[in-house]
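Okay, structure first, notes after.
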Amino acid sequence: MTKKMACNHRNLRCRTTQFLVLCTAVFTGVSAAGCFAVGQNTVNQIEFVNELAIPPLAVSRLDHSGRRVFALQAREGHKEFRPGVRTRTWGINGGHLGPTLRAARGETVIVNVLNQLDEATTMHWHGMHLPARMDGGPHQPIASGRTWSPTWTVDQPAATLWYHPHPHGSTARHVYRGLAGMFIIDDESSGSFGLPAEYGVNDIPVIVQDVAFDGDGQLDRRRRWFNQVGFLGDTILVNGTIAPYIEVVDDRIRLRLLNASTARVYDFGFSDDRPFLLVATDGGLLPAPYETTRTMLSPGERAEIVVTLDPSTRAVLRSYPPSLGSDFANNRFSGGSDSFDIVELRAATELRASPEVPTHLVEVPSVNSSEAVQIRRFDVTTRAINGQDMDMGRIDAVVDAGTVEIWEVTGISVPHNFHVHGVQFQVLDIDGSPPPPPLQGWKDTVYLMPDVTTRIIITFPDEADPKRPYMYHCHLLRHEDRGAMGQFVIVGPGSGAKR
Ligand code: C2O
Ligand code: CU
């Protein structure tokens, strides 16, 4: 076993080493390379011995009024991430993570969420257009032993969404222990692009989380020296699998990448730098596939990529050091110098031929900034937005139903991101420049380079509910839990609301 791997399993010593090396670097001016050498790095060090687990598709039934009914149970469980080591976890309908929910645009769904934990939780439908009372944010707690049954009609383009708890102050802990799952939306045109669409075969959920284990093999959530972003783990789980591989039987596969980590930013690419097609982001398909060798995801963000393989070859999905945009020391302690091997793709000796990916996908009509009726500013810090920490009893913004607003968002000093509930928005510009192609589709979460202003444009729901707020927040969950979150309500037109 190499020295680095040993380091991964001895967190305390590893942290001490990092600290000493940094101090040495600071006081003697040794080369930056010395500091980089102690970042997390599992490149070429993983033996991919476990077949990737595919979360089961949640079973559903249609009730007498034609609603699609799902049942989720949040509960304690355990899992052997490594053979013979029993780790206590939380899961939904199982020991760890949850099933994939799937519904089509136009369908009405109802999800019966039973909380079998010993404490209250919530279940939030991240990226979903739905009424605020169905959103599953901190205002919809589910007490221990109780069931909550939100229902809504799916009305948005095909997309990879997800669900996770959102109890104020405890979101990081609930998600880290394993409460998360994917929610795939289909629409009229999902089937018509020739994109790989066989779930778990050539259309594969890839839920990426970083964890750490303590000496007893239990999930550890301690923070490292100087780290301002939150927990950063040394071990990657994909769908809860350590060191996973995927047997590939098609010459093209779609990976639905979800960053369900609490703080880590990934910059995904392949070990041989092969190009792939980015076809969708948070809220659905892009106007056209974007050929690239990297796609960066901050916590909460999703990307759908299509990658081509030759028979009998292997390729490793890797996370390269993400360009977080912060200064060297910040970058180093925010995971900006870390690299991980994520999952190995193993192509069979013969592969089924897949259709070509079309050069155009969908129209993403751009929201016109001249329609905006309001501009708001948000400064995001590690524990507040606009200097105020989250207060469940305070409404921070009152928005007129169905109107368009521009939000100017700046993350202060260290990496942050920004997520808005109930909507999909568009990025207008970043530091005054138009967004690059990966940010030209529908988004619900966007990475914020430190001290750079990102302007987003949002069309708000036209259903008013002045009493029940939606959230906006940093999706680095420690920041969110500490107070980097605010609340907005939607009011009817002409209700004379204060801003
Ligand atoms: Cu993914 Cu407010 O949440
Ligand atoms: Cu933040």
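The values are calculated or read from the model by the stated rules, or taken from the named source; none is laboratory data. Everything numeric here is computed off the predicted structure, so don't read it as measured data. Using ideal geometry, Cβ is built from the backbone for each residue, glycine included, and neighbour counts are taken over all protein chains shown. Ligands, DNA and RNA are excluded from the accessible area calculation, which covers all protein heavy atoms including side chains. Shrake-Rupley method; radii C 1.70, N 1.55, O 1.52, S 1.80 Å.
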* Structure fact -> For region 190-206, the count of residues that are in contact with a strand residue (DSSP E or B) (Cβ under 9 Å, 6 or more places away or on another chain) and farther than 18 Å from LEU278 by Cβ equals 4
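On the given criteria, is MET128 buried (at least 22 other Cβ atoms within 10 Å of the Cβ) and either in contact with a helix residue (DSSP H, G or I) (Cβ under 9 Å, 6 or more places away or on another chain) or in the same structural domain as VAL343 (by TED's automatic domain parsing) (or both)? Spell out the reasoning first.
Details: buried (at least 22 other Cβ atoms within 10 Å of the Cβ): yes; either in contact with a helix residue (DSSP H, G or I) (Cβ under 9 Å, 6 or more places away or on another chain) or in the same structural domain as VAL343 (by TED's automatic domain parsing) (or both): yes.
Answer is yes for this residue.
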* Structure fact -> Going through (1) open to solvent by 10 Å² or more (accessible area, probe 1.4 Å); (2) in a loop (DSSP other than H, G, I, E, B); (3) within 16 Å of ligand 1 (Cβ to nearest atom) one by one, VAL423 fails only at (1)
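Restricting the search to region 46-61, which residues are in a loop (DSSP other than H, G, I, E, B) and not polar (S, T, N, Q)?
Selection gives ILE46, GLU47, PHE48, VAL49, LEU52, ALA53, ILE54, PRO55, PRO56, ALA58, VAL59.
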* Asked: Does region 136-148 contain at least one residue that is aromatic (Phe, Trp, Tyr) and under 23 Å from the mean Cα position of the chain (by Cα)?
  -> no
* Condition broken by ILE456, with the remaining ones in (1) open to solvent by 40 Å² or more (accessible area, probe 1.4 Å); (2) touching a Leu at 6+ places or on another chain (Cβ under 7 Å); (3) within 16 Å of ligand 1 (Cβ to nearest atom) satisfied -> (1)
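Here is a yes/no grid of residues against (1) open to solvent by 10 Å² or more (accessible area, probe 1.4 Å); (2) closer than 27 Å to LEU476 by Cβ:
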position	(1), (2)
HIS168	yes, yes
ALA172	no, yes
ASP210	no, yes
VAL248	no, no
ASP272	yes, no
* **Of residues in region 339-392 being of a type in the set (Ser, Thr, Tyr) and assigned to a loop (DSSP other than H, G, I, E, B), the one farthest from ligand 2 (Cβ to nearest atom)** => SER354
* Identify the single condition in (1) over 20 Å from LEU439 (Cα atoms); (2) of a type in the set (Ser, Thr, Tyr); (3) within 25 Å of the chain's Cα centre (by Cα); (4) surrounded by fewer than 18 Cβ atoms within 10 Å (Cβ to Cβ) that THR382 does not satisfy, given that it satisfies every other one. => (4)
* **Tally, over region 140-161, of residues that are part of a loop (DSSP other than H, G, I, E, B) and either under 20 Å from GLN424 (Cβ atoms) or among the β-branched types (Val, Ile, Thr) (or both)** => 6
